[in-house]
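The values are calculated or read from the model by the stated rules, or taken from the named source; none is laboratory data. From a predicted model like this one, the values you see are computed outputs, not experimental measurements. Reconstructed Cβ throughout: ideal geometry from the backbone, glycine too, with neighbour counts over all protein chains shown.
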Amino acid sequence: MATDSGRDVGSDDDVGVALERDELYTVIRTAVRDALLDVLGTVLLLGLALLFVATGARALADPSSGGTALGVGGILVGFGIAASALGLGPSIRE
């Protein structure tokens, strides 16, 4: 029995199509998983960067602590991590 495409229904091509669908499912599932892990990694790195920037800003805002260099360093490290997470600098993950 032939279909509109000229292939026989129930032929060996159906096994090939099923394998192609299984392979396609595996590829798409792996790609989505990698994308979600990349998003999670980026969010975590941005959270870490925010922590460094907030700590550095707090050290700069408190004149009694005398942590000006520590504050500036924390802010710079935070901006560096954020730039790396957003792809603006060298990657931390690779």
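Just a few scattered comments:
- Cross-chain or 6+ apart pairs with Cβ under 9 Å, the range 25-54 first and of a type outside the set (A, V, I, L, M, F, W, C), then in a helix (DSSP H, G or I) and surrounded by 10 or more Cβ atoms within 10 Å (Cβ to Cβ): Gly41/Ala85; Thr42/Ala85
Yes/no per residue for (1) of a type outside the set (A, V, I, L, M, F, W, C); (2) modelled with pLDDT of 90 or more; (3) loosely packed, with under 10 Cβ neighbours inside 10 Å; (4) not in a loop (DSSP other than H, G, I, E, B):
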| position | (1), (2), (3), (4) |
| --- | --- |
| Ser11 | yes, no, no, no |
| Gly41 | yes, yes, no, yes |
| Leu46 | no, yes, no, yes |
| Gly56 | yes, yes, no, yes |
| Leu60 | no, no, no, yes |
| Gly89 | yes, no, no, no |
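- Scanning the range 62-82 for residues that are out of contact with any helix residue (DSSP H, G or I) (no Cβ under 6 Å at 6 or more places or on another chain), surrounded by 15 or more Cβ atoms within 10 Å (Cβ to Cβ) and not in a helix (DSSP H, G or I) yields a total of 0.
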